[in-house]
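Enquirer: A single structure is presented below for examination.
The values are calculated or read from the model by the stated rules, or taken from the named source; none is laboratory data. Just so we're clear, the structure is a prediction, and the values are computed from it rather than from any experiment. In this analysis, Cβ positions are derived from the backbone assuming ideal geometry, glycine residues included, and neighbour counts consider all displayed protein chains.
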Amino acid sequence: MKTEIGRSRCFLRPAPFRKRLVVMMLGVLAQGFGLSLLRAVDLGLDPCSCLTQGVVNHVPLSFGTCQLLCHLVTFLVVLRFDMSRIGFGTVGNMVFLGYISDFFTWIYKIALPEGFFGSTLVRFLVLLPSLAVFMLGAAAYMSSGLGSSPYDAVPFIISEHVKKPSFRWIRILWDLSFTLMGLILGVIPGIVTLAVAFFLGPVVSWMQRKLEDTLFAQKA
C-alpha cells in the first residue's frame, strides 16, 4: 500500500491536528504494548523488531535503545532524501516505541509469575490478541497523517528513485532484508513475521478510511 502522508514540510500539522496527535500517541502506545506481548510469547516479530532483537542478542543494551539506534540509521536516509516525510509520528514511533515495549516487559516481570509465558497454551492464547493490538496500534499511528517511522518511510523514498520494481515489491524486499539480518543475528522468524508482512497493509488501509470518514472528517 502506497499512501501519501503529505509532502509540504517537516513536522506536518494536518487538520484536525489535536485529534490526529491523540490518535498517533494512542497508536504508538498500543503498538508498544502489543510488541511487548509478542516479544514475551516468542512466536516471531515484525521485520524491524527482528533486526532489533538480533542486535539485543549481541550487545548489552535494552531493546528500546537498540531499536532507537537502528531507526537513527534509517532516519539519516530520510533526512538526506525526503525530509517532508518527517512528522510527530516519526519521532513518536522512532523514540518511544521500543521503550514502551521495555516498560511493559518490566511490568510483566514484576506482576506475573515466573515462567508465565513459558506455557505453550498461554503463548498461543496471547498470540492473536497481541498481534491484533500491535497491528491496530501501528495502523492508528500511520493513519494519523503525522509522519511515519524511518523504517516505513525508506521504501517510499526508494520507490520514488527507481522505476522498477513496484512499491509493493520494494516493501517486500525491504521487510525480507531486515528479517534476514535478524535471522543472521540469531532471531528465528515466526507466525507473527508472516502475519505482519501479509496483513498490516490492509489493516492500515481500513483504519485510514475509517478515521478519515469519521474522526478526522472536516465539518462543512
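Enquirer: If a residue has to be more than 22 Å from residue 51 (Cα to Cα) and modelled with pLDDT of 90 or more to count, how many in the range 129-145 make the cut? Working first, answer last.
Expert: Going residue by residue through the range 129-145, those that are more than 22 Å from residue 51 (Cα to Cα) are 129, 140, 143-145.
Restricting the remaining residues to those that are modelled with pLDDT of 90 or more gives 129.
Number satisfying all stated conditions: 1.
Enquirer: Could you grab the pairs with beta carbons closer than 9 Å, sequence gap of 6+ or different chains, first residue in the range 26-39 and under 10 Å from residue 101 (Cβ atoms), second one not in a helix (DSSP H, G or I)?
Expert: Listed by first residue and then by second, the contacts come to 35/45; 35/46; 38/44; 38/45; 38/46; 39/45.
Enquirer: Then there is this: Out of the range 69-112, which residues are touching a helix residue (DSSP H, G or I) at 6+ places or on another chain (Cβ under 8 Å) and not in a helix (DSSP H, G or I)?
Expert: 82, 86
Enquirer: Another question about this same structure. Test residue 42 against the criterion of being buried (at least 21 other Cβ atoms within 10 Å of the Cβ) and among the acidic types (Asp, Glu), and give yes or no. So that I can check it myself, show each step before the final result.
Expert: Values: buried (at least 21 other Cβ atoms within 10 Å of the Cβ): no; among the acidic types (Asp, Glu): yes.
Answer is no for this residue.
Enquirer: Here is a follow-up. When residue 94 is evaluated against the numbered criteria (1) surrounded by fewer than 23 Cβ atoms within 10 Å (Cβ to Cβ); (2) under 20 Å from residue 74 (Cβ atoms), which criterion, by number, is the only one it fails?
Expert: Tallying (1) surrounded by fewer than 23 Cβ atoms within 10 Å (Cβ to Cβ); (2) under 20 Å from residue 74 (Cβ atoms), residue 94 fails exactly one: (1).
Enquirer: Of the numbered conditions (1) outside any helix (DSSP H, G or I); (2) loosely packed, with under 13 Cβ neighbours inside 10 Å, residue 198 satisfies every one except a single condition; which is it?
Expert: Residue 198 satisfies all of (1) outside any helix (DSSP H, G or I); (2) loosely packed, with under 13 Cβ neighbours inside 10 Å except (1).
Enquirer: Determine which member of the set 184, 110, 158 is within 18 Å of residue 44 (Cβ to Cβ), over 16 Å from the mean Cα position of the chain (by Cα) and of a type in the set (Val, Ile, Thr).
Expert: Numbers: 110 fails: within 18 Å of residue 44 (Cβ to Cβ); 158 fails: within 18 Å of residue 44 (Cβ to Cβ).
None of the other options fit; the residue is 184.
Enquirer: Related question: Collect the residues in the range 70-87 that are crowded, with 20+ Cβ neighbours inside 10 Å and of a type in the set (A, V, I, L, M, F, W, C), keeping them in residue-number order.
Expert: Scanning the range 70-87 gives 70, 75, 78, 86.
Enquirer: Under 9 Å between Cβ atoms, at least 6 apart or on separate chains: pull out the pairs that start in the range 43-58 with a residue that is closer than 18 Å to residue 100 by Cβ and in contact (Cβ under 8 Å) with a residue 60 or more places away in the chain and end on any residue that is acidic (Asp, Glu) and part of a helix (DSSP H, G or I).
Expert: Close Cβ pairs satisfying both conditions: 46/175; 48/152; 48/175.
Enquirer: What pairs come out if I take residues in the range 168-180 that are in a helix (DSSP H, G or I) and pair them with residues that are of a type in the set (Ser, Thr, Tyr) whose C-beta lies under 8 Å away, six or more apart or interchain?
Expert: Matching pairs, first to second residue: 170/159; 178/151; 179/193.
Enquirer: Would a scan of the range 173-182 turn up a residue that is over 30 Å from residue 209 (Cβ atoms) and either touching a strand residue (DSSP E or B) at 6+ places or on another chain (Cβ under 7 Å) or buried (at least 23 other Cβ atoms within 10 Å of the Cβ) (or both)? Step through it out loud before you land on a result.
Expert: Within the range 173-182, the subset over 30 Å from residue 209 (Cβ atoms) is 180-182.
Add one more test, that the residue is either touching a strand residue (DSSP E or B) at 6+ places or on another chain (Cβ under 7 Å) or buried (at least 23 other Cβ atoms within 10 Å of the Cβ) (or both), and what stays is 182.
Scanning the range 173-182, I find at least one residue that is over 30 Å from residue 209 (Cβ atoms) and either touching a strand residue (DSSP E or B) at 6+ places or on another chain (Cβ under 7 Å) or buried (at least 23 other Cβ atoms within 10 Å of the Cβ) (or both), so the answer is yes.
Enquirer: If you go through the range 124-165 one residue at a time, how many are buried (at least 17 other Cβ atoms within 10 Å of the Cβ) and touching a residue at least 60 places away in the same chain (Cβ under 8 Å)?
Expert: Number of matching residues: 28.
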